[in-house]
Structure formats: C-alpha cells, structure tokens
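Presented below is the structure to which this report refers.
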Amino acid sequence: MGKVPGYARIWKYGLRYNALNHFMNNIDEASLSRERQKARELRGSQWWKRQLAQGRCHYCGKSYPPKTLTMDHIVPLSRGGKSTKGNVVPACKVCNNKKKYMLPIEWEEYLESVTENSVE
C-alpha cells in the first residue's frame with residue numbers, strides 16, 4: 001500500500017481513524033473568541049516568557065531570538081484545540097506558517113514528504 005494523504009484514512013499508533021472528520025468540529029465563533037482571549041492571556045504569563053526565553057522552535061529545533069518566536073497551537077483552534085499550556089508551543093514563523101491548521105500527524109506526514117522529495 002502506498003502513501004496515504006493526511007486528510008485520508010491513516011494508520012497511526014495502532015488506531016485507524018479519519019483525522020479530518022475527527023478533528024473538524026463545528027466550532028462557533030464565541031468559542032473561538034474565548035480561546036483566542038485565553039491565548040492572549042497565556043502570552044503574558046511567566047510560563048510563556050520562560051518558553052520563549054529558551055529560544056528554540058518546537059518543530060525544527062533551531063535557535064531564534066525569543067521575540068521572533070510565535071505561539072502555535074499543536075491542535076489548532078480551528079480543529080477543536082484549546083489555549084492551554086499543553087497545547088501551545090513556541091514556533092518560528094516559517095514552521096508556524098507551514099503548519100497552519102495541520103494536526104501533529106499531518107505535520108509529520110508533511111515533513112516526511114518534504115524529506116522524501118528532497119532526497120529524490
């Protein structure tokens with residue numbers, strides 16, 4: 001069986017599920033607004049400032065000046081994610097822009113496809 005696109009049925013950790021349907025919730029604007037407000041509050045916390053002070057992108061692992069790192073939701077708000085310490089990480093702008101609304105498994109598949117294409 002060949003490569004399966006991120007939005008199709010995938011096999012991971014022994015579970016088969018449809019990632020798109022599982023994480024595409026009908027999220028109302030009020031909920032999104034609340035989560036965005038929580039993210040703004042989290043950005044002002046000492047915890048987040050310590051995360052930024054490490055100066056490392058969660059995705060590529062490269063070092064950056066703390067002021068250039070952005071807050072990324074591992075499970076995006078648009079896919080039902082929350083603005084909690086366990087769901088936000090510092091990311092460089094390049095990784096954050098490329099990841100967009102992808103789930104971690106979709107991001108892994110994207111990175112694998114980029115790696116495979118660069119080797120060929």
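General remarks:
- If you plug the beta carbon distance of E112 and Q46 into 1/(1 + (r/R0)^6) with R0 = 25 Å, you get a FRET efficiency near 0.10.
- Rounded to the nearest 20 debye, the dipole size of segment 27-108 about its Cα centre is 380 debye, using +1 on the Cβ of Lys and Arg and -1 on the Cβ of Asp and Glu.
- Cα-based reach from K38 at 30 Å (exclusive), listing lysines while leaving out same-chain residues under 8 positions away: K49, K62, K67, K82, K85, K93, K98, K99, K100
- Contact order, relative form, for segment 27-108: 29 percent (alpha carbon pairs under 8 Å, 6 or more residues apart, mean separation divided by residue count).
Every read-out reported here was derived from the displayed coordinates using simple, explicitly stated rules and does not represent laboratory data. All figures in this text were calculated on a predicted structure; none of them were measured in a lab. All Cβ positions, glycine included, derive from the backbone under ideal geometry; neighbour counts span all protein chains shown.
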